[in-house]
Amino acid sequence: QVQVVESGGGMVQPGGSLRLTCAASTSIFRAYSASWHREAPAKQRELVALISSTSNTTYADSVKGRFTISRDNAKNLVFLQMNSLKPEDTGVYHCAMGGAWGQGTQVTVSS
């Protein structure tokens, strides 16, 4: 059973930055792809970023150039560095790995 826990959300002004962390409990962390998704009221869940087991990355067009996904295999961590945040980035951000989903962390971008 893979367990995933997100942290790092909060409230930030437009143009600000947040760093989300996903901590996973598995002995084969390096074998899994990991992804960040977000959901907002009246909007479908969106794949924000994905990092493969070989550290190839994929981003939604809406966040390209602003967000960076990375992983630390030695520490079983996945990060989402979010810069130049916009109000439309507001939502609950979930980490997914190995079929497991975290409960999410709230990101609110507001002036």
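In table form, for the structure just shown:
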item	result
Cβ-placed point charges (K, R +1; D, E -1), dipole of the range 1-65 about Cα centre in debye, nearest 20	60 debye
Debye-sum result for the range 46-111 in log10 I(q)/I(0), which assumes one identical scatterer on each alpha carbon, at q = 0.17 Å⁻¹	-0.64
Per residue accessible area in Å² of the chain, where ligands, DNA and RNA are left out and the probe is 1.4 Å	53 Å²
Integer Hz, Karplus 6.51/-1.76/1.60 couplings in order for the range 94-111, x for Gly and Pro	10, 9, 10, 7, x, x, 9, 10, x, 6, x, 9, 7, 10, 10, 10, 7, 8
Ser52 paired with Gln103, simple spin-label distance in nm, labels 7 Å along Cα-to-beta-carbon	3.4 nm
Net lengthening on full extension, Val2/Lys43 (0.36 nm per residue, minus Cα-Cα)	12.0 nm
Separation between Cα centres of the range 18-35 and the range 72-111, rounded to whole Å	12 Å
The range 28-111 - percent of accessible surface contributed by carbon and sulfur, probe 1.4 Å	48 percent
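The values are calculated or read from the model by the stated rules, or taken from the named source; none is laboratory data. Note that the coordinates shown come from a computational prediction; the quantities given were computed from them, not determined experimentally. Note: ideal-geometry Cβ built from the backbone for every residue, glycine included; neighbour counts use all protein chains shown. Remember, those area values only see protein heavy atoms, side chains included, never the ligands or the DNA or RNA. Shrake-Rupley method; radii C 1.70, N 1.55, O 1.52, S 1.80 Å.
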